[in-house]
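K.L.:
Have a look at this one before I ask anything.
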Amino acid sequence: MNRSATVERSVTLFRAFRKEQSDPEHFYTVLAADSVDQLAQWARLDGATVLDVGGGPGYFADAFRGAGARYVGLEYDASEMAARGEPEPGTVRGSGEELPIRDGAVDICYSSNVLEHVRRPWVMAAEMVRATKPGGVIYLSYTPWLSPHGGHETAPWHYLGGHRARRRFHRRTGAEAKNRFGESLFAVSVGAGVRWARSCPDVEVLAVLPRYHPWWATWVVRVPGLREVVSWNLLLVLRRR
């Protein structure tokens, strides 16, 4: 159990999270540094090849390279790739559901807050496993639909239904939400992620955690129902067999 997952760390992450929309550079810089610290528990980053599935404009690139890793970003949306200006050098455009990466090519396959935006999430998860070397690590986190932020910018109205929340957002703002339920945002549960990980014959499950919580609150992911609401963000850490 990682005793460095303290209340102070959780407060820092949740404070940064509040600025995700207004100051994404700050939020993702904090999250990237935390991801590197977390991954160091299960994998050696120095000299490793890291594939960041859904890496957008490369917010995580500096943190991984600073730890000595060779960073490769993959992004489907061209506008996301250029969100900070020029796309991050070496970024590949492609779909998480059909990674343009050969089998067993990377040491670490990483994805942060992308799975809920994929129509076939467990196809993407399986692709991440396929692209990882035997002995390598898969780090996969996502926002469950029933968490307080499950509807993203339409939250908390997503609790009344994703399509209803989307229509309300349009009426209130006169614009479509960036994360459009049924198109670029889908309902993914904690239970589905846990079941997929435990049934996948190609991986060893190293950790199932509420990503932002302190170590003593990790028990929430073991309680069906409750975990869907209070986990906030689920993290699966797997080792390729």
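Computed from the coordinates by the stated procedures, all read-outs in this text should not be read as laboratory data. This structure is a prediction, so every number in the text was calculated from the model and none was measured. In this analysis, Cβ positions are derived from the backbone assuming ideal geometry, glycine residues included, and neighbour counts consider all displayed protein chains.
K.L.:
When every alpha-carbon pair in the stretch 145-185 is counted, what percent end up more than 15 Å apart?
P.N.:
Values: 202 of 820 pairs.
Tail fraction, whole percent: 25.
K.L.:
Let me ask something else. Using the Kirkwood formula on the Cα atoms of the stretch 20-82, what hydrodynamic radius do you get, in angstrom to one decimal? Numbers along the way, then the final one.
P.N.:
Values: mean 1/r = 0.0830 Å⁻¹.
Taking the inverse mean of 1/r over all distinct Cα pairs, the stretch 20-82 comes out at 12.0 Å.
K.L.:
Amide H neighbours of Arg180 under 5 Å, at least 5 residues apart or on other chains, H built in the peptide plane: list them.
P.N.:
When sequence neighbours closer than 5 places are left aside, the close amide H contacts are Leu185.
K.L.:
Please compute the volume of the convex hull spanned by the alpha-carbon atoms of the chain and report it per residue in Å³. Can you show the working numbers first?
P.N.:
Working: hull volume 28.4 nm³, N = 241.
Hull volume normalised by residue count: 118 Å³.
K.L.:
Across 5 Å bins from 0, what is the distribution of all Cα-Cα pair distances for the stretch 149-241, in whole percents?
P.N.:
Reading the bins upward from 0: 2, 13, 20, 17, 15, 14, 10, 6, 2, 1.
K.L.:
Can you list residues whose amide H is under 5 Å from Ala207's amide H, if they're 5+ apart or on another chain and H is modeled 1.01 Å from N?
P.N.:
Distant-sequence amide H within range of Ala207: Val237.
K.L.:
Across the stretch 28-40, in residue order, what do the Karplus-derived ³J(HN,Hα) couplings come to in whole Hz, using 6.51 cos²θ - 1.76 cosθ + 1.60 with θ = phi - 60° and x for Gly and Pro?
P.N.:
6, 5, 5, 5, 5, 4, 5, 4, 4, 4, 5, 4, 4
K.L.:
What residues have an amide H closer than 5 Å to that of Ala69, excluding those fewer than 5 places away on the same chain, when H is modeled at 1.01 Å from N in the peptide plane?
P.N.:
Gly47
K.L.:
Where both residues lie in the chain, what percent of DSSP beta bridges are antiparallel, nearest 5?
P.N.:
Details: 14 of 31 bridges.
If we restrict to bridges inside the chain, about 45 percent are antiparallel.
K.L.:
Once phi is turned into ³J(HN,Hα) by the Karplus curve 6.51 cos²θ - 1.76 cosθ + 1.60 with θ = phi - 60°, what whole-Hz value does each residue of the stretch 78-90 show in order, with x for glycine and proline?
P.N.:
4, 5, 5, 4, 9, 5, 10, x, 5, x, 4, x, x
K.L.:
Please report, for the Cα atoms of the stretch 104-183, the Rg to one decimal and the Dmax as a whole number; what are they, in angstrom?
P.N.:
15.8, 50
K.L.:
Charges only on Cβ, +1 for Lys and Arg, -1 for Asp and Glu: so what's the dipole of the stretch 160-212 about the Cα centre, in debye to the nearest 20?
P.N.:
Details: 11 positive and 4 negative charges, 116 e Å.
I would put it at about 560 debye.
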